[in-house]
Amino acid sequence: MKIADGIEMLELSMNLMGRESTIYPTLIWDDDTVVLVDAGIPNSLQQIKKAMEEVNVPFEILNKIIVTHQDIDHIGGINEILEELSELVVLAHEDDKPYIQGEKKLVRLNSNFMNRINALPKEERGKFLEMFENLHVEVDRTLTDGEELDFCGGIIVIHTPGHTPGHICLYHKKSKTLIVGDAMNVIDGQLVGPNKQSMNEEDAKIAINSLKNFENYDIKYVICYHGGLYNNNPNQRIKELIME
Ligand SMILES: [Zn+2]
């Protein structure tokens with residue numbers, strides 16, 4: 001879906017742990033730079049290529065991937081892309097870098113989660129664990145809070161810890177779009193806060209507190225990785241979510 005010139009919300013379908021859902025990576029570009037924000041689960045390459053083709057941005061000119069955080073549905077597709085585009089630069093927040101590179105165990109792979117995996121039927125469990133095998137990616141450039149990336153009209157990095165330690169959101173200045181990864185979600189057309197089920201109580205508090213970091217931005221569109229686009233006065237709605 002076109003958001004504005006040079007920014008599209010892509011749509012990929014994914015099946016994670018037996019659950020079908022749609023995810024929404026964002027594509028941002030200018031004359032020299034094509035950035036994909038988040039790259040889907042493993043085996044998403046053909047879908048990504050097709051989605052880019054549909055918006056007339058050739059896959060071959062993709063040169064950057066920014067990951068909002070370390071979860072498998074955000075980093076899983078990167079290695080397959082790298083196999084075809086070896087010059088591609090991967091950017092992520094410094095606090096999630098060691099997880100993405102495999103130096104630390106992904107935060108989601110805690111005992112709670114492993115119990116859920118172990119409860120899956122054998123074949124499904126095998127398939128799922130296989131996805132984690134070729135997951136780790138070298139981060140070429142780390143990002144810090146408040147940094148402005150000087151491509152595509154300026155993209156500001158906003159550190160929003162909680163869901164993971166190095167979770168970031170991106171503000172695309174030209175279109176006033178806030179790309180939030182998993183910091184917020186859209187459910188039944190409504191913008192809602194972070195999914196508390198995936199976090200402990202302390203991290204959930206940190207995640208809600210992170211929403212305050214959006215207060216100084218004039219936001220026209222919000223793109224949630226899970227749920228898609230929200231454009232019904234986001235600033236007001238975010239204020240409500242902080243008060244809740
Ligand atoms: Zn996530």
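Would you say HIS163 is under 26 Å from MET1 (Cβ atoms), within 16 Å of the ligand (Cβ to nearest atom) and surrounded by 16 or more Cβ atoms within 10 Å (Cβ to Cβ)?
Judged against the criteria, HIS163 is a match.
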query = Of the numbered conditions (1) more than 20 Å from GLY181 (Cα to Cα); (2) assigned to a helix (DSSP H, G or I), PRO98 satisfies every one except a single condition; which is it?
reply = (1)
query = Scanning for something closer than 27 Å to PRO42 by Cα and open to solvent by 70 Å² or more (accessible area, probe 1.4 Å), does the stretch 141-154 turn up at least one residue?
reply = yes
task = Please determine, by comparing only the residues of the stretch 175-187 that are open to solvent by less than 70 Å² (accessible area, probe 1.4 Å) and within 16 Å of the ligand (Cβ to nearest atom), which one is farthest from HIS69 (Cα to Cα).
result = VAL186
inquiry  = Can you tell me how many residues within the stretch 25-53 are open to solvent by 20 Å² or more (accessible area, probe 1.4 Å), touching a strand residue (DSSP E or B) at 6+ places or on another chain (Cβ under 8 Å) and closer than 15 Å to ILE78 by Cα?
reply    = 1
ask   = of a type outside the set (Val, Ile, Thr), part of a strand (DSSP E or B) and surrounded by fewer than 19 Cβ atoms within 10 Å (Cβ to Cβ) - does that describe any residue in the stretch 188-210?
value = yes
task = Output the residues belonging to the stretch 57-87 that are in contact with a helix residue (DSSP H, G or I) (Cβ under 6 Å, 6 or more places away or on another chain), under 22 Å from GLY6 (Cβ atoms) and open to solvent by 10 Å² or more (accessible area, probe 1.4 Å).
result = PHE59
task = Enumerate the pairs (first residue in the stretch 68-82 and on the phi < 0 side of the Ramachandran plot and touching a residue at least 60 places away in the same chain (Cβ under 8 Å); second residue anywhere and more than 8 Å from the ligand (Cβ to nearest atom) and assigned to a helix (DSSP H, G or I)) with beta-carbon separation below 6 Å, excluding pairs fewer than 6 apart on the same chain, so at least 6 apart or on different chains.
result = GLN70/TYR99; GLN70/ILE100; ILE75/ILE100
remark   = When (1) part of a loop (DSSP other than H, G, I, E, B); (2) open to solvent by less than 40 Å² (accessible area, probe 1.4 Å); (3) away from the ligand (no atom under 16 Å from the Cβ); (4) not small (Gly, Ala, Ser) are applied to VAL157, the one that fails is (1)
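The values are calculated or read from the model by the stated rules, or taken from the named source; none is laboratory data. These numbers were taken from a predicted model, which means no experiment stands behind them. Glycine also receives a Cβ, built like all others from the backbone with ideal geometry; neighbour counts cover every protein chain displayed. In case anyone asks, the SASA skips ligands and DNA or RNA and just uses the protein heavy atoms, side chains included. Shrake-Rupley method; radii C 1.70, N 1.55, O 1.52, S 1.80 Å.
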